[in-house]
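The values are calculated or read from the model by the stated rules, or taken from the named source; none is laboratory data. In this text the structure is predicted, and so the values were computed from the model without any measurement. Cβ placement follows ideal geometry from the backbone for every residue including glycine, while neighbour counts extend to all protein chains displayed.
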């Protein structure tokens, strides 16, 4: 139960777990109850989750940048006193 929320977050990404290094993969599978073993080190589980997020992000197209996409719609108002 300790990793239930993390399991819900990572469930859609678990198909990418094979790309993780062995110790991380084993820790993650054990934490999520997908394999048996002693309680894994929480830092190793965290590293595995970071790896899953990284693998997922690498496969997704980049999000458009909002900072360089303005077309002077917010042009400054004249600063002359009225």
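Can you find a residue that is at negative phi, at pLDDT 90 or above, touching a helix residue (DSSP H, G or I) at 6+ places or on another chain (Cβ under 7 Å) and loosely packed, with under 13 Cβ neighbours inside 10 Å anywhere in the range 22-33? No - not one qualifying residue is present in the range 22-33. Put simply, of 48, 11, 63 the only residue that is in contact with a helix residue (DSSP H, G or I) (Cβ under 9 Å, 6 or more places away or on another chain) and either at pLDDT below 85 or surrounded by 10 or more Cβ atoms within 10 Å (Cβ to Cβ) (or both) is 48. Just one of the numbered conditions (1) over 13 Å from residue 7 (Cβ atoms); (2) over 15 Å from the mean Cα position of the chain (by Cα); (3) not in a helix (DSSP H, G or I) is not true of residue 62: (2).
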